[in-house]
Each structure stands twice: as structure tokens, then as C-alpha cells.
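The values are calculated or read from the model by the stated rules, or taken from the named source; none is laboratory data. Just so you know, these numbers come straight off a predicted model, no measurement behind them. Glycine gets a Cβ as well: all are built from the backbone with ideal geometry, and neighbour counts include every protein chain shown.
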Amino acid sequence: MKRILTGVALATTAALVTATPALAAAPKDPVVAVKKQLVPGKGVKFTERTTVSEGDTREVFVRRTGTLQFGKSGIAASDITGKLNITASDLEGLDESGENAELASLIKAMAQPERTIRIGTTSYISGNVWATMMPEGKTWFKAAKGPTGGLLGTFGQPLNLAEPATVKTLLKGAKTTGSGYTGKTLIRDLWKASPWLRATWTSKPSAKAMKTPISWRITVNGAGLPTRLVTTFPMAVLGTGGKGSVSVDTSYTGWGSAVSIKAPPADEVTSAFKDGEDDISEALDLPLGSIAG
């Protein structure tokens, strides 16, 4: 009997020892983890793919890459490049000399990458349709209180996990998974919490859209830092008239890496288009929804 009891005791002790690492590996608080990253001169990189679905059709619409630079209280600067999923075959047959010349030129311009550098709340935008609007010798348009990702940012990731307030808002009522968290959060709550969202969606969503939830899934690493974010929401919340849904898959890498984002050379920057206008709102209202749908 003594031998049996000793065996049971040893087995129980072994089980407890084996269980200890699992307890130690409990996920760390992402809010705390992200706050610790907010060190001037440090940052994170991301890549993402936006897919638009309607009925049986599901297509990649935009791909983006970017870098975020941190300050003590949040995101101090960003450098983001986006490109519509327009291929060379899509451009075949476009006649830039006929009656649809203006539309053909616009589509060819939109096939080019768009880059947005944002320092504080000032945006510098180049490429894509902006290239057709620049005065001679200028390649960047400067916009005070400009968008985070130019024209294509509207279809980029609306949630920025480098904002502790956004992460905190998402985690309210969230469910834990084996690798992170999942949940649904109303747009009105995210709009209130996220300066990034307010600057990315350049117009405030409708009252109906504000009550719409964004479904999301976050994957975190052992330090509690986000490595992947997938969001899904109705296209209608973007005000494009589309009836489908939008899914954005973002991967984060290089948390804490050294980052230094600078404004473009002053001699390449303009604050007015070649027609003398300085309001970017018309360009930001281009019917991307009809292209996506």
C-alpha cells in the first residue's frame, strides 16, 4: 500500500509540474503590451489585404504596406503605400483619345500605387490619381489634418492596434481564443476611441452605420503584442453604396524596431493642385465603391 501511495504522490507531483508552464503561458494583457511600445523613435510595420465580397464574388481589392512611428502618447508618424488590385490585363483596350478618354486616364492613374506620409496630423500624398492633379515639378500634395492613407485608406484597416485605447475598446466583452481574442464592436464605440479611425474615414459614418458592429479577430504573441488582425464589416458603412462586405487582414511585424519617418523634400511638395484648388475632399469622394462592387 505504501508503495502504491508513493506512486500516486509522484504522479500527482509530476502532473502539477507539467501544468505549471501552461499557467505561466497565460496571454499577457495586449493593452499593457502595446503601451510599453510607445517609445519615441520606435515603431511597427504592417502588411494587409482588403477583400470585397458580394454574393458569390470575392476579390482582393487593395493591398497595403506601412510603417508606424511612435511617440510617448501614441502614433507620431506613418508611411503607407496602397495599390488597387488592377492588373495590366484590366487596362487593355482603354482608349485615352476617345469619348471615354477622361475615364480611361483616371483608371490608368488609379492602377498606380498611392503613398501617404503623415507627420502628426499633416499628410503628404503622392501617386495614384494625385499624380494627375499636381502642378509641374511637384509630386507630393500637403494636406493639414489630412487622411492617414490617402484615397485608398478608406478601404484599409479601420482599426489600429498601435492605439491602446482602441485595443481596450475591442477587448470589452471579447472572447479569448487559443491564440488571442475575438469579438464584435460597434463602430460608434471605435469612432469615439480611435483618432486613427476618425482620420482614416474622412467623413463621419451615418447614424445607422454607427450602430453597425465590426467583427474582428486578433492574434497575439507571447508578449501580448498583436501579430494579426482580421476585421469584417458591411461595405455600406463606408457610404459607397456597395451591398457587399469588406474584410481586411493585417499582419504586424517588428514591434519596437527603430523607425524614422520624414516629410518629403520641400521642393517636391505643393499645397495647391494645378488648377489652383487646395481642397482634397472631391478626390477623396471618388466612387471607389462602384469599382469595388
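Things to note:
- Val62 being of a type in the set (A, V, I, L, M), over 20 Å from Pro195 (Cα atoms) and modelled with pLDDT of 95 or more: yes
- Any chance Val237 is among the β-branched types (Val, Ile, Thr), touching a residue at least 12 places away in the same chain (Cβ under 8 Å), surrounded by 15 or more Cβ atoms within 10 Å (Cβ to Cβ) and within 23 Å of Thr65 (Cβ to Cβ): no
- Number of the exception - Phe155 against (1) more than 30 Å from Ile107 (Cβ to Cβ); (2) in contact (Cβ under 8 Å) with a residue 24 or more places away in the chain; (3) in contact with a strand residue (DSSP E or B) (Cβ under 6 Å, 6 or more places away or on another chain): (1)
- Within the set Ser105, Ser89, Ser126, the sole residue that is among the small types (Gly, Ala, Ser), without any contact (Cβ under 8 Å) to a residue 24 or more places away in the chain and over 27 Å from Val237 (Cβ atoms) turns out to be Ser89.
- Within the range 232-252, the set of residues being more than 17 Å from Val39 (Cβ to Cβ) and within 14 Å of the chain's Cα centre (by Cα) comprises Thr232, Phe233, Val246, Ser247, Val248, Asp249, Thr250, Ser251.
- Filter result for Thr185 (more than 20 Å from Gln37 (Cβ to Cβ), at pLDDT 95 or above, buried (at least 17 other Cβ atoms within 10 Å of the Cβ) and in contact with a strand residue (DSSP E or B) (Cβ under 9 Å, 6 or more places away or on another chain)): yes
Conditions tested, residue by residue: (1) in contact with a Pro (Cβ under 8 Å, 6 or more places away or on another chain); (2) closer than 24 Å to Ser123 by Cα; (3) assigned to a loop (DSSP other than H, G, I, E, B).
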position: Gly222; (1), (2), (3): no, no, yes
position: Phe233; (1), (2), (3): yes, no, no
position: Ala236; (1), (2), (3): no, no, no
position: Thr240; (1), (2), (3): yes, yes, yes
position: Val246; (1), (2), (3): yes, no, no
position: Gly256; (1), (2), (3): no, yes, no
position: Asp267; (1), (2), (3): no, yes, no
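- Residues located in the range 202-217, provided they are assigned to a loop (DSSP other than H, G, I, E, B) and more than 19 Å from the chain's Cα centre (by Cα): Ser206, Lys211
- Number of positions in the range 112-159 that are over 20 Å from the mean Cα position of the chain (by Cα) and farther than 22 Å from Ala199 by Cβ: 8
- Within the range 107-147, considering residues that are at pLDDT 95 or above and aromatic (Phe, Trp, Tyr), the one surrounded by the most Cβ atoms within 10 Å (Cβ to Cβ): Phe141
- None of Ala14, Ala9, Ala104, Ala24 is surrounded by 13 or more Cβ atoms within 10 Å (Cβ to Cβ) and either at pLDDT below 95 or in contact with a strand residue (DSSP E or B) (Cβ under 6 Å, 6 or more places away or on another chain) (or both) except Ala104.
- The range 173-201 - residue that is assigned to a strand (DSSP E or B) and in contact (Cβ under 8 Å) with a residue 12 or more places away in the chain and, of those, farthest from Gly82 (Cα to Cα): Thr176
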